[in-house]
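Engineer: Have a look at the structure that comes next, please.
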Amino acid sequence: MKLLLVEDDERVTEALVEYFTDQHYLIDVAHDGQIGLQMAETFNYNLILLDVMLPKLDGISICKHLREKGYNTPILILTAKDTSTDKILGLDAGADDYVVKPFDLEVLSARIRALLRRGGQSLPPVLEWENLRLNPSSLEVTYRGQLLSLTPKEYRLLELFLRNGRRVFSRSAILDLLWSWEEIPTEATVKTHIKSLRSKLKAVGAPGDLIETVYGLGYRLKKNP
């Protein structure tokens, strides 16, 4: 299962990431609402944990925006405000449930399992680009049937390109979407991951320039003529 956590409190984030990683969830983190919304619209998640009070864009606005766009993924609101009004605002915005801070991790986990059991969600579609296939359900990537062994960052980098076709992503945009501020990455980090990903693709027979450089702008997938 893949979760998106949109939370700006460092201690809460660290506790949730550690707990859910131990529970064998994959968890992505955004520390402000703007990046959180971009990630929700760019990647596929089984559930979103969404704080209400966030920099740049609040959780209620994010929830409303996603629901207005037809986004059906379960959203669980995390709020420090234990009042009926705040709960109603969250539910009216389209949230499926809410948990008040401070919360018990086991209770939160049970709420998440309950939302995931509700069903009605179709399996995310397999992403394809010519002979390249990425299966979000199994987290497997193949080229002409050959399985690629990717790091989590390489997987998400490839997923980003596959979900956005010919869109060009600058190094700074990739950093914003795939790295958290705790990791202190640089644009050279992106270059290193692109190089490694190209090497692994080439090793299974993919063109060396399947991920092409658009000079002065960034990277995108290349479509063969």
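Engineer: Just need a number here: residues in region 154-185 that are in contact (Cβ under 8 Å) with a residue 24 or more places away in the chain, part of a helix (DSSP H, G or I) and open to solvent by less than 40 Å² (accessible area, probe 1.4 Å).
Structural biologist: 12
Engineer: Out of everything in region 69-96 that is open to solvent by 60 Å² or more (accessible area, probe 1.4 Å) and in a helix (DSSP H, G or I), what residue ends up being modelled with the lowest pLDDT?
Structural biologist: Residue satisfying both the conditions and the ranking: Ser84.
Engineer: Still on this structure, please answer the following. Listed residues Leu66, Leu37, Leu108, Leu57; which is surrounded by 15 or more Cβ atoms within 10 Å (Cβ to Cβ) and assigned to a loop (DSSP other than H, G, I, E, B)? First the steps, then the outcome.
Structural biologist: On the way: Leu66 fails: assigned to a loop (DSSP other than H, G, I, E, B); Leu37 fails: assigned to a loop (DSSP other than H, G, I, E, B); Leu108 fails: assigned to a loop (DSSP other than H, G, I, E, B).
Just a single option satisfies the conditions, and that option is Leu57.
Engineer: Then there is this: Given the structure, is Ala188 aliphatic (A, V, I, L, M) and open to solvent by 20 Å² or more (accessible area, probe 1.4 Å)? Before you say what the answer is, go through the steps one by one.
Structural biologist: On the way: aliphatic (A, V, I, L, M): yes; open to solvent by 20 Å² or more (accessible area, probe 1.4 Å): yes.
Criteria met by Ala188.
Engineer: Please verify whether Ser137 is part of a loop (DSSP other than H, G, I, E, B) and among the small types (Gly, Ala, Ser), treating the condition exactly as stated.
Structural biologist: Spelling it out, Ser137 is indeed part of a loop (DSSP other than H, G, I, E, B) and among the small types (Gly, Ala, Ser).
Engineer: Starting from residues that are part of a loop (DSSP other than H, G, I, E, B) and in contact with a strand residue (DSSP E or B) (Cβ under 9 Å, 6 or more places away or on another chain), keep the ones in region 18-34 and report whichever is surrounded by the fewest Cβ atoms within 10 Å (Cβ to Cβ).
Structural biologist: As a first pass, look at region 18-34 and keep what is part of a loop (DSSP other than H, G, I, E, B): 23-25, 31-32.
Next, from what is left, pick out any that are in contact with a strand residue (DSSP E or B) (Cβ under 9 Å, 6 or more places away or on another chain): 25, 31-32.
On the way: Tyr25: 18, His31: 20, Asp32: 16.
My answer is Asp32.
The values are calculated or read from the model by the stated rules, or taken from the named source; none is laboratory data. Only a predicted model underlies this, so the values are computations on that prediction, with no experimental measurement involved. As a convention, Cβ positions derive from the backbone with ideal geometry for all residues, glycine included, and neighbour counts pool all protein chains shown. Protein only, heavy atoms only, side chains kept; ligands, DNA and RNA dropped before computing areas. Shrake-Rupley method; radii C 1.70, N 1.55, O 1.52, S 1.80 Å.
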